[in-house]
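Asker: Take a look at the following structure, please.
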Amino acid sequence: MPRIRKVRRLSTRDKIVLTAMVAVPTLIELIFVWLPTLFSIGLSLTRWNGLDLSDIHPAGMANYQYVAQDYPPFWPAVQHNILWLVFLGVVATPLGLLLAVLLDQRIRGSRIYQSIFFAPVMLSLALVGVIWQLFYQRDHGLLNFLLGTAGTPAAVDWFGDSKVNIWAALIAATWRHSGYVMLLYLAGLKGVDPTLKEAAAIDGANAYQTFFRVVFPAMRPINIVIVVITIIESLRAFDIVYVINRGTNGLELISALVIQNLVGEGQVIGVGSALATILLVISLVPIIFYLTRTFGKEAKEQ
C-alpha cells in the first residue's frame, strides 16, 4: 500500500512572506503608476495653474476639445507618432530579428558582435540623441563630411530641416531599438526545440520555410513581448526629439507636447493631462487588441 504523504501547510511566517511579496510590488505600482494615472485623468477635466489647489476649476471636456480643434501641434504629433510606430515595426524590429538570426548561426566572434549591437540599448535616448547630433551636425558632422558637403552651402541640416529631421531621428532610434529586439529574439531562438528544425528538414523544408513556418511561430511569447515593446517605445519616444529641438519644427510627438504643457513657464496642467490621457488610450488600444486576438486564437486552438 503506497504511503500517503501529508500536505505541508504554510506556516504563519510563510504566509507573512508571501503576503509581503505580493503586497509590496502591488503597493509600489499603485503609488507610482495607477494613482498618478488616475490623478492625470482627473486633472484633464479641470483648469489649474499648477500652484494653488484652491484654484482648480472643473472644465469638463474643454481641454480635449481644445487639443483636438485649436492646438496646432497636436495632429502633426499624432502623425509623427504613427510614423514612429510604423518605422520601428517595419524597419527596426525586422532588422533586430535579422541580426538575431545571423548571430544565432554560431559564427566566429558572435559574442563580440552581440555586445556591439547591444551597446546602444544601455544608453538612454537622450544620450543617443547627443551622439547622433555629432553624426548629423551640419558644418562638422560625419555624414556631411562623408558626402563631401561639410562646411559648404550644400550641407544638409539633418536635425534642423523639418523635411528630413523626423527621418534622421527615426534612424537614430532604430540604432537603439534593433539591438534590444536582437537580444530578445536571440533568447527566443535559443529556447526553440532543435527537434522541430530536424523534423522540418526531414520533411524537405528549406531554411526559409523552416524559420517562418516552424521557428518563428514557436517564438509566439517573444513575438508578443516585442510587439508590446515596439508600441510602447514608439509612443513614449521623447528624449531624443527633446534633445534635438525640444520636440518642435517637424519633430512634434505627443509625449513632447505633454512635457511642454506640464513643465515650464507656459504650463497648462489641464491640457498637458489631457494629452497624457490621450497618449495612454492610444497606447492601450493596439496592445489590448493584439493580445486579445493572440490569446483568443490560442484558446480556439486548444
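The values are calculated or read from the model by the stated rules, or taken from the named source; none is laboratory data. Since the model is a prediction, treat every value here as computed from it, not as a measurement. Every residue, glycine as well, gets a Cβ built from its backbone with ideal geometry; the counts of neighbours run over all protein chains shown. We work out accessible area using only protein heavy atoms, side chains counted, and drop any ligands, DNA or RNA first. Shrake-Rupley method; radii C 1.70, N 1.55, O 1.52, S 1.80 Å.
Asker: Among the residues of the range 116-127, is there at least one that is over 24 Å from G250 (Cα atoms), surrounded by 15 or more Cβ atoms within 10 Å (Cβ to Cβ), touching a residue at least 24 places away in the same chain (Cβ under 8 Å) and small (G, A, S)?
Answerer: Looking through the range 116-127, none of the residues is over 24 Å from G250 (Cα atoms), surrounded by 15 or more Cβ atoms within 10 Å (Cβ to Cβ), touching a residue at least 24 places away in the same chain (Cβ under 8 Å) and small (G, A, S).
Asker: On to the next question. Restricting to the range 187-239, name every residue that is outside any helix (DSSP H, G or I) and within 30 Å of I287 (Cβ to Cβ). Can you show your working first?
Answerer: First pass over the range 187-239, keeping only residues outside any helix (DSSP H, G or I): 191-193, 203-206, 219, 237-238.
Within the range 187-239, G191, V192, D193, M219, A237, F238 meet the criteria.
Asker: Also: Only one residue in L88, L143, L83, L98 is open to solvent by 70 Å² or more (accessible area, probe 1.4 Å) and part of a helix (DSSP H, G or I). Which one?
Answerer: L98
Residues are listed down the side, and each one gets a yes or a no for (1) at pLDDT 85 or above; (2) open to solvent by 10 Å² or more (accessible area, probe 1.4 Å); (3) under 15 Å from the mean Cα position of the chain (by Cα):
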{"site": "I244", "(1), (2), (3)": "yes, yes, no"}
{"site": "G250", "(1), (2), (3)": "yes, yes, no"}
{"site": "I259", "(1), (2), (3)": "yes, yes, no"}
{"site": "V263", "(1), (2), (3)": "no, yes, no"}
{"site": "G266", "(1), (2), (3)": "no, yes, no"}
{"site": "I269", "(1), (2), (3)": "yes, yes, no"}
{"site": "S273", "(1), (2), (3)": "yes, no, no"}
{"site": "I278", "(1), (2), (3)": "yes, yes, no"}
{"site": "P286", "(1), (2), (3)": "no, yes, yes"}
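Asker: Look through V33, V86 and report the one residue that is within 32 Å of the chain's Cα centre (by Cα) and either under 21 Å from V268 (Cβ atoms) or modelled with pLDDT of 90 or more (or both).
Answerer: Exactly one residue qualifies, and that residue is V86.
Asker: Here's a check for you: in the range 26-77, which residue that is polar (S, T, N, Q) and open to solvent by 40 Å² or more (accessible area, probe 1.4 Å) is nearest to I259 (Cα to Cα)?
Answerer: Within the range 26-77, the match that is nearest to I259 (Cα to Cα) is N49.
Asker: Only one of (1) assigned to a helix (DSSP H, G or I); (2) surrounded by fewer than 22 Cβ atoms within 10 Å (Cβ to Cβ); (3) free of Cβ contacts under 8 Å to residues at least 60 places away in the same chain is not met by T149, so which one is it?
Answerer: (1)
Asker: L10 - would you say it is out of contact with any strand residue (DSSP E or B) (no Cβ under 9 Å at 6 or more places or on another chain), in a loop (DSSP other than H, G, I, E, B) and either of a type in the set (A, V, I, L, M) or open to solvent by less than 70 Å² (accessible area, probe 1.4 Å) (or both)? Walk me through it before giving the result.
Answerer: Working: out of contact with any strand residue (DSSP E or B) (no Cβ under 9 Å at 6 or more places or on another chain): yes; in a loop (DSSP other than H, G, I, E, B): yes; either of a type in the set (A, V, I, L, M) or open to solvent by less than 70 Å² (accessible area, probe 1.4 Å) (or both): yes.
Here the answer is yes, as L10 does meet what is asked.
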